[in-house]
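The structure appears below as structure tokens.
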There are 2 protein chains.
Amino acid sequence: MEARRDVFQAIADPTRRAIIDMIAQQPVNVNTIAEQFDVSRQAISLHLKILSECGLLNIKQLGRERLCEAKLEKLNEVHEWVGQYHKLWTGRLNALKKFIEQEELESNKKKAKNINKSKK
Amino acid sequence: MEARRDVFQAIADPTRRAIIDMIAQQPVNVNTIAEQFDVSRQAISLHLKILSECGLLNIKQLGRERLCEAKLEKLNEVHEWVGQYHKLWTGRLNALKKFIEQEELESNKKKAKNINKSKK
DNA sequence: ATATTATGCAACCATTTGCTTGCAAATATA
DNA sequence: TATATTTGCAAGCAAATGGTTGCATAATAT
């Protein structure tokens, strides 16, 4: 059950991203989070556990409640991995690259057809 | 079999991130990619299919080979989601936020009941 | 003291994931 | 033409994922 547990894996799930969106500004307790979703409290609890295990979440016990606080700095790992490519897809370097690609595509047009059909 | 297929899901797998790292600079054909990994060619082929289905990869048929080219601009979705929080975890804004949170926590400790009622 | 609330844990289940091996088809090379 | 290369597809499988329900425990409210 406990296999890969990293930030990339954690934010892959849309529910977990929604949880982060929800608590990014201020800490929220478990039940309040769970009420916002259609799934059971236990399902949310598991998501919180995963977020917590990979360091995206800090849980503070306050009496019988648990306050969930986002530790956004953990997103830095993702930010950096994506960021290293940011300049490659923006700016005129990219425009040039796209131009070249288009040229290549034109010459392969017949065979490229097969590829398109496999797309959603 | 084909369930969620988005960029976040795609880059959650370390092998797929490694593939992107590998082809970010220039297109590479399937077998050449597969040779770099310990898993079978078919396993890599599936990863490529997933990357392709979510738009991170462009496949160009060249004779019997398939050139895999990264479409990095698809990473923009991730870049933006993470980016919206970037300012929250960097700089003195973050220091201030943390300070405020700490203050709030202190006062909440005494009147934890108010939190219960704040739920919808 | 008893009831209510907030939450975790365990068992169970269906689906998805990531991998394997075997086979077929298309293209290139001898 | 015969052979080798590049690749996709299909079947099968173990493990992970995401969900459920039921029960236990601790803290608070009545």
*Taking the stretch A:26-52 on its own, how many of its residues are among the polar types (S, T, N, Q) and either more than 8 Å from DNA strand C (Cβ to nearest atom) or within 19 Å of the chain's Cα centre (by Cα) (or both)?*
5
_The conditions are (1) more than 12 Å from DNA strand D (Cβ to nearest atom); (2) farther than 15 Å from A:HIS86 by Cα; (3) acidic (Asp, Glu), and B:ASP13 fails exactly one of them. Which is it?_
(1)
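If the requirement is being open to solvent by less than 20 Å² (accessible area, probe 1.4 Å) and at pLDDT 90 or above, which of these qualifies: B:LEU105, B:LEU67, B:LEU62, B:LEU56?
Details: B:LEU105 fails: at pLDDT 90 or above; B:LEU67 fails: open to solvent by less than 20 Å² (accessible area, probe 1.4 Å); B:LEU62 fails: open to solvent by less than 20 Å² (accessible area, probe 1.4 Å).
Exactly one residue qualifies, and that residue is B:LEU56.
Restricting to helices (runs of 4 or more DSSP H) lying wholly in the stretch B:1-80: which have 1 or more residues that are over 21 Å from A:ALA10 (Cα atoms)?
Numbers: elements: B:7-10, B:14-23, B:30-35, B:41-53.
The qualifying helices (runs of 4 or more DSSP H) are B:14-23, B:30-35, B:41-53.
The values are calculated or read from the model by the stated rules, or taken from the named source; none is laboratory data. Quantities reported herein were computed from a predicted structural model and do not represent experimental measurements. Glycine gets a Cβ as well: all are built from the backbone with ideal geometry, and neighbour counts include every protein chain shown. Ligands, DNA and RNA are stripped out before the accessible areas are found, and what is left, the full protein with its side chains, is counted by its heavy atoms. Shrake-Rupley method; radii C 1.70, N 1.55, O 1.52, S 1.80 Å.
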